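Accompanying notes for the structure given below.
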Amino acid sequence: MRIGLGFDVHAFATGRPLVLGGVTIPAESGLLGHSDADVVTHALMDALLGALSLGDIGQHFPDTDESYRGASSIGLLRHVMERVRERGYRVGNVDIMVLAERPRLAPYKDAMVQSLARAMQVEDVDVSVKATTMEGMGFVGRREGMAAQAVALLLPDMSGGRVT
Ligand code: MG
């Protein structure tokens, strides 16, 4: 089996939607980025790529490429999952930690789990999304932005890569 680690940060920006784990969350401001700035899905993709030693999302989806402007990160996650299957692996489980002072994310955790599980074609129970504040400290505490951490465990796919 293989394990990967991901981390991402995005700054808040007014006039942008807040998309986390593919779920659009009502908020005063969204996150700034070339794509939809889905910090949760970005951390998860980096964990999956890291588990395969395939570099990072900056290499796979460069922000200099106009085709990724405003891109749905959930769509990019599906591309990363194709790499996982090509290499003969499947997702064992993933665990994600979101660091945000606001908005309160608890009401949206289940929707994020379902959205990410659907994109990865795994069961909801294999996806964990947790959230914490930074107790007012640092850039997250000052509400300048959000961060996310992820770990992903990949297992050899004994089904021969068939998607069930
Ligand atoms: Mg990012």
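Identify all residues within segment 1-22 that are more than 14 Å from the ligand (Cβ to nearest atom), in a strand (DSSP E or B) and either surrounded by 21 or more Cβ atoms within 10 Å (Cβ to Cβ) or not aliphatic (A, V, I, L, M) (or both); write none if there are none.
Matches in segment 1-22: Arg2, Gly4, Thr14.
How many residues does segment 86-139 hold that are crowded, with 16+ Cβ neighbours inside 10 Å and basic (Lys, Arg)?
Of the residues in that region, 3 qualify.
Free of Cβ contacts under 8 Å to residues at least 24 places away in the same chain and either surrounded by fewer than 21 Cβ atoms within 10 Å (Cβ to Cβ) or of a type in the set (A, V, I, L, M) (or both), is that true of Asp65?
Numbers: free of Cβ contacts under 8 Å to residues at least 24 places away in the same chain: yes; either surrounded by fewer than 21 Cβ atoms within 10 Å (Cβ to Cβ) or of a type in the set (A, V, I, L, M) (or both): yes.
The answer is yes for Asp65.
Looking at segment 28-60, which of its residues are part of a loop (DSSP other than H, G, I, E, B), modelled with pLDDT under 95 and away from the ligand (no atom under 11 Å from the Cβ)?
Taking segment 28-60 as the starting set, the residues that turn out to be part of a loop (DSSP other than H, G, I, E, B) are 28, 32-38, 52-56.
Imposing the further condition that a residue be modelled with pLDDT under 95 reduces the set to 28, 33-36.
Residue satisfying the conditions is Glu28 alone.
Considering only residues that are in contact with a helix residue (DSSP H, G or I) (Cβ under 9 Å, 6 or more places away or on another chain), closer than 27 Å to Phe139 by Cβ and hydroxyl-bearing (Ser, Thr, Tyr), which ones fall in segment 73-114?
Listed by number, the list holds a single entry, Ser73.
His79 versus (1) near the ligand (Cβ under 10 Å from one of its atoms); (2) part of a helix (DSSP H, G or I); (3) within 21 Å of Val127 (Cα to Cα): which is the lone unmet condition?
(1)
The values are calculated or read from the model by the stated rules, or taken from the named source; none is laboratory data. Since the structure is predicted, the reported quantities are computational estimates derived from the model, not experimental observations. Neighbour counts are summed over all protein chains in view; Cβ atoms, including those assigned to glycine, are modelled from backbone coordinates with ideal geometry.
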